[in-house]
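So the structure is just underneath, and the comments pick up after that.
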Amino acid sequence: MTRSKAVIIRDNIDGWMFVLPAFLFLLLLMIYPIIHTFILSFQKYNFVYDSKPVFVGFHNYIKVLKDATFKKALLNTFYFAGVYIPIIFILGFFVGLIFSRYDMITGKLSKVILFIPMVIPISMSSFMFLFMLNPQWGIVNSIFKDYLKLPGLARDWMNDTSTAMNMILLVTIWWRVGFIGLLFLSGIQAIPRSVIEASIIDGANAWRRITGIILPNLKETYMVVGILAIVTSIKLFAQVVAMTGTLSPQNAGGPAKATLTLYVATWKSAFLYYDLGIGSAMGYLMSLIIVFLFAVNFFINKGEKA
Amino acid sequence: MKKLVFITLALLLVFSFSVFAGGKQEKVSKDWTKAKLTVHVEAMGWILKKFPVEASAKKFMEDHPNITMKVSANADNSLNNYMLNWSAGNVDVDLALGGAAVQVAKLAFKNLLVPWNDFYKGDFTRDHFLTHVVELTKRGDNYYALPFMVEAMSLEANRKLMVEAGLGTVSNPAKPKTLDDLYMFAKKTTKGSGPVKDVYGFSWNFTNFGDQQLFCAVNDLGGKAYNDDGSPNMKAPEIAKVFSFIKRVTMDGYGTKGTITDTNAGRSGLKAGTVAIIFEAASRAIEAKSALGNDAILLPFPGEEQNGSYIYAHYSYIPKGTKVKDAVYGFMREQVLSKDFSKFGAEKYGKLPSLKRNFEGLSSDFTEVQKWMANPKTVGDHAWVEGSKLNSYIWEIEQELVSSNITAQQAADKLAKQASQLNLAVVK
């Protein structure tokens, strides 16, 4: 027996009504901005000085791709991703491995400890590091100068182009390593105990167990960690603004653009200079990069568990 | 049941939209001295600290019992919140205090502000104010903002550190006459070894003052900071000279780079005794008296005594949509522009009055600054179409200068090239 469309709609009206508020919110706050931004990316529109947007085709994209600031931001973002992703994978794995081994001793406390940096807002953590890295009264230089008696190693960490981005890397790794470690811990704990025990009976040492059993069985974890690490890298924003532009948002990404990332550059274009067309084009280019990196991540980590 | 769920959801939706879309509705009589009304004043956080805004609002309420004053802080120093909210018609502020010319000009260009033309009458005609900072707000026939405080650029120094370094005496501290002198002052007052010093001789502000210092220095060195049409003269040969000084003093280890990530590092260092000389608003010296006492002194930047200073203001402005403009005028005339209000900001924090008559009776700390300000060669703040971008370019190039091998001349050429791609016409 087939039911008419009207009957189907009538029978499901409750469901539709429940979904409607969420759908409307999604439509208003996500789908509309996505479409509107896409249209804006093909228009010349300065929110302050242009009375209305003018269609300019791919001009914004061409302008952005030729722009030295965008190139610098792209380079910085890739540098960050290139250093952050391998480090967070390696450190996260070892944190997970260590806690899988000693979790019985430390109990739930270990997971709490791992999670503490995650629950502190990243802006707060960034300020904390900024204080510690202050060249004249920060604890880091104080350790070098007063305790280790190595004043030559003291640096102006955040005001030096050669060290500023690495300090942002440090904060981000500190912030994320516990959470990523927990993901690896879950992955390791999901491997059947019997497989590990069988390998021990077969005489496999710790190294063989890690390389032959644990690592090949973490492909799903790699996928998730990969996605999270890519998002953290490409969307790098709060740490940069907090550590370089709190009192002066225009300066975010300093010194001399050394920490300028794609996300910060996009935000500055759109919301400090009000170049909405350029900002939108940058946003879409950034999205394309994220999609590309997701695809690479998927390609590398696809396949069944060992 | 189904109908009940449907109606509840529909009502919820209507309610949420009405909350989002709801605006301020207030009917106000024409006579603000009699009508019952509320005036919402919003000021940048630092202004609430450095001026008695809340006490003035209270006094205004006592004088006008029909008026309720509400005072709040605007945490967004970039004024982005005003730009976005006011453009969308969400205006819940009647008077905003704080914002540089280049920022307020954007709000005016977007047609979001009520002109102050009819404010300037009686004891408050434009000639009663420091003229330049008023004229800067003229767009067409309208004046879109009112300056309520003024700053002037100069050197601020720790006299004790200078005297210890042999730079003059307590009663007669030495004054740098050239950039080489200033370099020598910085060198002599620097203490400590290694890459990070205990005391730095000099601090250039690589962010918030990066542009104002540059234009002030170009002017003081006898150069032409602005072209005849009011646009910045980015080809002035003095720019390379200033850049050369910044590079030398910083790369040689006598100037701190602390202001790159903390725009307040110079003034904090001056107060803490870890920086000897800074080049910022003169108010920093008055402010530093709380820590250094009379050892916090003002010095002219090389050439400032001959060529004047650089002055800029912070403005008050009224968003379109307010229904209480006349009451705001009343509050400005009776309170914000009063002698007491100005005196509080001036004597405690060095913020200078915009109204000329309010200089009378201020302490002698301001005598020198007044002289520099009164110099006809003194230059002032700017409001160019892409002024914010130019400021960023200047800060970035100054930071690059002290972080790379780029020479002063190369940096000046690069800046001139970048500036040539911007629209730097005066906002009209």
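The values are calculated or read from the model by the stated rules, or taken from the named source; none is laboratory data. Computed from a predicted model, the values in this text were never measured in an experiment. Cβ atoms come from the backbone with ideal geometry, glycine included; neighbour counts cover every protein chain shown. These accessible areas exclude ligands, DNA and RNA; they are computed on the full protein's heavy atoms, side chains included. Shrake-Rupley method; radii C 1.70, N 1.55, O 1.52, S 1.80 Å.
Remarks
- Selected residue (criterion: most open to solvent (accessible area, probe 1.4 Å)) from residues of the stretch A:132-142 that are more than 24 Å from A:ILE88 (Cβ to Cβ) and within 11 Å of chain B (Cβ to nearest Cβ): A:TRP137
- Of the criteria (1) surrounded by fewer than 22 Cβ atoms within 10 Å (Cβ to Cβ); (2) of a type in the set (Gly, Ala, Ser); (3) within 11 Å of chain A (Cβ to nearest Cβ), which one B:ALA416 fails: (3)
- Condition check for B:ASN423: part of a loop (DSSP other than H, G, I, E, B), within 10 Å of chain A (Cβ to nearest Cβ) and modelled with pLDDT of 90 or more: yes
- Within the stretch B:71-93, restricting attention to residues that are open to solvent by 10 Å² or more (accessible area, probe 1.4 Å) and away from chain A (no Cβ under 14 Å), the residue that is farthest from B:MET44 (Cα to Cα) is B:GLY89.
- Figure legend. Inter-residue proximity from the stretch B:370-394: first residues farther than 23 Å from B:ILE260 by Cβ and among the small types (Gly, Ala, Ser), second residues assigned to a loop (DSSP other than H, G, I, E, B) and open to solvent by less than 10 Å² (accessible area, probe 1.4 Å), beta-carbon distance below 7 Å, spacing 6+ or different chains. Indicated pairs: B:ALA383/B:VAL427.
Yes/no matrix, rows are residues, columns are (1) at pLDDT 90 or above; (2) within 12 Å of another protein chain (Cβ to nearest Cβ):
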| site | (1), (2) |
| --- | --- |
| B:PRO353 | yes, no |
| B:GLN370 | no, no |
| B:ASN375 | no, no |
| B:ASN391 | yes, yes |
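For (1) open to solvent by less than 90 Å² (accessible area, probe 1.4 Å); (2) part of a loop (DSSP other than H, G, I, E, B); (3) within 12 Å of another protein chain (Cβ to nearest Cβ); (4) out of contact with any Phe, Trp or Tyr (no Cβ under 6 Å at 6 or more places or on another chain), each residue gets a yes or a no:
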position: A:PHE23; (1), (2), (3), (4): no, no, yes, yes
position: A:LEU27; (1), (2), (3), (4): yes, no, no, yes
position: A:PRO33; (1), (2), (3), (4): yes, no, no, yes
position: A:HIS36; (1), (2), (3), (4): yes, no, no, yes
position: A:TYR61; (1), (2), (3), (4): yes, no, no, yes
position: A:VAL64; (1), (2), (3), (4): yes, no, no, no
position: A:PHE70; (1), (2), (3), (4): yes, no, no, yes
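- The stretch A:40-59, subset open to solvent by 60 Å² or more (accessible area, probe 1.4 Å) and without any contact (Cβ under 8 Å) to a residue 60 or more places away in the chain, residue nearest to the other protein chains (Cβ to nearest Cβ): A:SER51
- Remark: A:LYS219 falls outside the filter, which requires a residue to be closer than 24 Å to A:MET128 by Cα, open to solvent by 30 Å² or more (accessible area, probe 1.4 Å) and either charged (D, E, K, R) or more than 14 Å from every other protein chain (Cβ to nearest Cβ) (or both).
- Single condition A:ALA198 does not satisfy, out of (1) away from chain B (no Cβ under 14 Å); (2) in a helix (DSSP H, G or I); (3) closer than 20 Å to A:LYS72 by Cβ: (3)
To keep it simple, each residue is scored yes or no on (1) out of contact with any helix residue (DSSP H, G or I) (no Cβ under 8 Å at 6 or more places or on another chain); (2) over 30 Å from A:GLY181 (Cβ atoms).
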{"site": "A:ALA22", "(1), (2)": "yes, yes"}
{"site": "A:VAL48", "(1), (2)": "no, yes"}
{"site": "A:SER51", "(1), (2)": "yes, yes"}
{"site": "A:ASP67", "(1), (2)": "yes, yes"}
{"site": "A:ASN76", "(1), (2)": "no, no"}
{"site": "A:TYR79", "(1), (2)": "no, no"}
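- In the condition set (1) loosely packed, with under 13 Cβ neighbours inside 10 Å; (2) within 26 Å of the chain's Cα centre (by Cα), A:SER4 is compliant with all but (2).
- Considering A:PHE42, A:PHE23, the condition of being at pLDDT 85 or above and touching a strand residue (DSSP E or B) at 6+ places or on another chain (Cβ under 7 Å) is satisfied by A:PHE42 alone.
- Those residues of the stretch B:200-225 which are within 14 Å of another protein chain (Cβ to nearest Cβ), at pLDDT 95 or above and either open to solvent by 10 Å² or more (accessible area, probe 1.4 Å) or on the phi > 0 side of the Ramachandran plot (or both), in sequence order: B:TYR200
- Under the condition of being more than 19 Å from B:PHE341 (Cα to Cα) and open to solvent by 20 Å² or more (accessible area, probe 1.4 Å), the residues counted in the stretch B:35-69 number 5.
- Of the residues making up the stretch A:228-238, none is surrounded by fewer than 21 Cβ atoms within 10 Å (Cβ to Cβ), at the interface with chain B (Cβ under 9 Å from one of its Cβ atoms), among the aliphatic types (A, V, I, L, M) and free of Cβ contacts under 8 Å to residues at least 60 places away in the same chain.
- Residue check for A:VAL95: under 30 Å from A:MET223 (Cβ atoms), in a helix (DSSP H, G or I) and either within 11 Å of chain B (Cβ to nearest Cβ) or without any contact (Cβ under 8 Å) to a residue 40 or more places away in the chain (or both): no
- Residues within the stretch A:250-306 that are assigned to a helix (DSSP H, G or I), in contact with a Lys or Arg (Cβ under 7 Å, 6 or more places away or on another chain) and surrounded by 21 or more Cβ atoms within 10 Å (Cβ to Cβ), tallied: 3
- Whichever residue in the stretch A:143-165 is of a type in the set (S, T, N, Q) and at the interface with chain B (Cβ under 10 Å from one of its Cβ atoms) and, among such residues, is most open to solvent (accessible area, probe 1.4 Å): A:SER162
- Any hit, the stretch A:213-229, residues being within 30 Å of B:SER392 (Cα to Cα) and either out of contact with any Lys or Arg (no Cβ under 6 Å at 6 or more places or on another chain) or in a helix (DSSP H, G or I) (or both): no
- The helices (runs of 4 or more DSSP H) falling completely within the stretch B:262-329 include none with 2 or more residues that are at positive phi and of a type in the set (Val, Ile, Thr).
- Positions within the stretch B:239-261 being within 12 Å of another protein chain (Cβ to nearest Cβ), under 20 Å from B:PHE301 (Cα atoms), open to solvent by less than 10 Å² (accessible area, probe 1.4 Å) and part of a helix (DSSP H, G or I), in sequence order: B:THR259
- Among the residues of the stretch B:171-184, the ones that are of a type in the set (A, V, I, L, M, F, W, C) and either open to solvent by less than 10 Å² (accessible area, probe 1.4 Å) or at pLDDT below 95 (or both) come to 1 in all.
- Of all residues in the stretch B:94-111 being surrounded by fewer than 22 Cβ atoms within 10 Å (Cβ to Cβ) and under 14 Å from B:LYS320 (Cβ atoms), the one that is farthest from the other protein chains (Cβ to nearest Cβ): B:ASN111
- Set side by side, the residues B:SER193, B:SER154 differ, and just one is surrounded by fewer than 24 Cβ atoms within 10 Å (Cβ to Cβ) and either at pLDDT below 95 or not charged (D, E, K, R) (or both), which is B:SER193.
- Filtered by the rule that a residue be farther than 25 Å from A:ALA229 by Cα and of a type outside the set (A, V, I, L, M), the stretch A:57-102 gives A:GLY57, A:PHE58, A:HIS59, A:ASN60, A:TYR61, A:LYS63, A:LYS66, A:ASP67, A:TYR102.
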